[in-house]
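Following: one structure in structure tokens, then a few remarks.
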Amino acid sequence: MKREKINVRGTMVNGQWAIGNRQWAIDNGQWAMGKTSLLLIAYCLLLITTTGCDNKKDTHQAHNTTLTQETYTCPMHPEIIRDKPGKCPVCGMDLVKKETGGEKSSDATLNALLKPTNEFVVSAIPVTTIQKKEEQVEIEALGNIAYDTREAGSISSRIAGRIEKLYVRYRYQKINKGQRIMDIYSPEMLTAQQNLLFLIKNDAENETLIRAAKDKLLLLGMSGQQLQQVIKSNKASFTVAVYSNYSGHLHEAPNGGIMNPSSAGMKDIALLTEELALKEGMYVQKGQSFFVLYNPGRAWALLNIYADNQGLVKKGNIVRVVPETAPGKDFRAAIDFIEPFYRRDSKTLTARVYFNNNMLKIPIGSQVRATIFGNAKNAYWLPKEAVLSLGMDKVVFKKLEGGFKAQKISTGILYKNDLQIMSGLSATDSVAVNAQYLMDSESFIKIKN
């Protein structure tokens, strides 16, 4: 082994170098240190280790002090951090306590963390379940007053002829039952009268033919009083009177049809105030309808029921109706009929409430506000904060192992602070109490039916 040259000042004693109290011996290429030197090195290492542990302990204590300090943040704006409760300066929401204890979460697994954020959310937010209960709900609805068409009557001609005299002059004129409407000249009616008078004069004992002639006049529209007057005077009448069999407001029936009181014609003031299209001297056809009479004393309230409330509105529900033109004339009635179709240009069902308008005198066409007292039996409810609206769809965040998954649901009405759940959840499913808190503003929610 080649010995290296070391420039050390000292004395050579028995083949060893001695420097002060420390000695080194070079033997077989190794350095041998004296007992005193080993103790010195061990002491230095112990001092360094102790100092490092003390520094690490102080750092850990300071870190624990920082973590245990209570802080509050906004659920929607996590960059807002305060040391006490309050309101978010951006959105105004209540600040929530931020847990910074550094405790290890055992809920999150690797599989949960690897799922897409638009399908799965890892969180420890509190959960709730749907509650089954019976609620006496109040449903607000708007509508209008219309004629009861069950009380409508039509005035038509049984014979063809010319109008000699017209006794009605304007639209919506009040007509009473038995009132004279017009006189019509009819050659057919005149011939039938002459035949009857001929039989009575020349064959008075032929009761069969005389009875048939009388029945023909009655069927042509002649009243029994008019018939007796013709027989008594032994003179045929050139005109026959047309009487009303109903009471109500007069509506013209154009083109031989029945006028719809809720049609666009009622909205045109010029059409309402103009004179009748039917004039004296005009010819009418057999079976032609002249007028339609609507009884204003019998009316109904047509209430518009939106889709969210249709499942709770049933026939027989009590309704409180308040006319906007006369709020002091509010009344209570019951739903008598729900129309099984959607009206034109409308996406609401129509419920009919029949009532007696003889005392109330509410103008036809008046707007009304109604409160329907429904009963939600065996309905399931969730707090409205637990449901997130995505436009056409409603979702909740269903609790699964390791986190939450978006679940599509079908909802009903919103009553107070609860939302009715129609389908999509069972009684054992747990959902997040605040769905908006789990919504990622930079992504979308992917749901599966």
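The values are calculated or read from the model by the stated rules, or taken from the named source; none is laboratory data. Fair warning: this is a prediction, and the values are worked out from it, not measured in the lab. In this analysis, Cβ positions are derived from the backbone assuming ideal geometry, glycine residues included, and neighbour counts consider all displayed protein chains. Ligands, DNA and RNA are excluded from the accessible area calculation, which covers all protein heavy atoms including side chains. Shrake-Rupley method; radii C 1.70, N 1.55, O 1.52, S 1.80 Å.
Among the residues of the stretch 198-233, the one identified as open to solvent by 100 Å² or more (accessible area, probe 1.4 Å) and outside any helix (DSSP H, G or I) is 205. Taken over the stretch 330-345, the criterion of being over 14 Å from residue 310 (Cα atoms) and surrounded by fewer than 16 Cβ atoms within 10 Å (Cβ to Cβ) is satisfied by 330, 332, 334, 336, 343, 344, 345. Looking only at residues in the stretch 90-104 that are assigned to a loop (DSSP other than H, G, I, E, B) and under 22 Å from residue 435 (Cα atoms), the one that is modelled with the lowest pLDDT is 99. Each residue in the stretch 303-316 was checked for being at pLDDT below 90 and open to solvent by less than 80 Å² (accessible area, probe 1.4 Å), and 8 pass. Only one of the numbered conditions (1) open to solvent by 10 Å² or more (accessible area, probe 1.4 Å); (2) under 30 Å from residue 298 (Cα atoms); (3) not aliphatic (A, V, I, L, M) is not met by residue 408, and that is (2).
Annotation note: Cβ proximity below 8 Å between a residue of the stretch 83-99 that is without any contact (Cβ under 8 Å) to a residue 40 or more places away in the chain and open to solvent by less than 60 Å² (accessible area, probe 1.4 Å) and a residue that is assigned to a loop (DSSP other than H, G, I, E, B) and small (Gly, Ala, Ser) (sequence gap 6+ or interchain) occurs for 95/86.
Against the numbered list (1) surrounded by fewer than 19 Cβ atoms within 10 Å (Cβ to Cβ); (2) closer than 17 Å to residue 121 by Cβ, residue 397 comes up short only at (1).
Identification of strands (runs of 3 or more DSSP E) wholly contained in the stretch 135-190 with 3 or more residues that are open to solvent by 60 Å² or more (accessible area, probe 1.4 Å) and within 23 Å of residue 235 (Cα to Cα) yields 161-166. When the stretch 191-213 is filtered for residues that are of a type in the set (Lys, Arg) and under 15 Å from residue 235 (Cα atoms), only 201 remains.
All conditions in (1) modelled with pLDDT of 90 or more; (2) touching a strand residue (DSSP E or B) at 6+ places or on another chain (Cβ under 8 Å) hold for residue 140, with the sole exception of (1). Taken over the stretch 348-375, the criterion of being more than 21 Å from the chain's Cα centre (by Cα) and polar (S, T, N, Q) is satisfied by 356, 357, 358, 366. Residues in the stretch 155-173 that are modelled with pLDDT of 90 or more and basic (Lys, Arg) were compared, and the one that is nearest to residue 283 (Cα to Cα) is 162.
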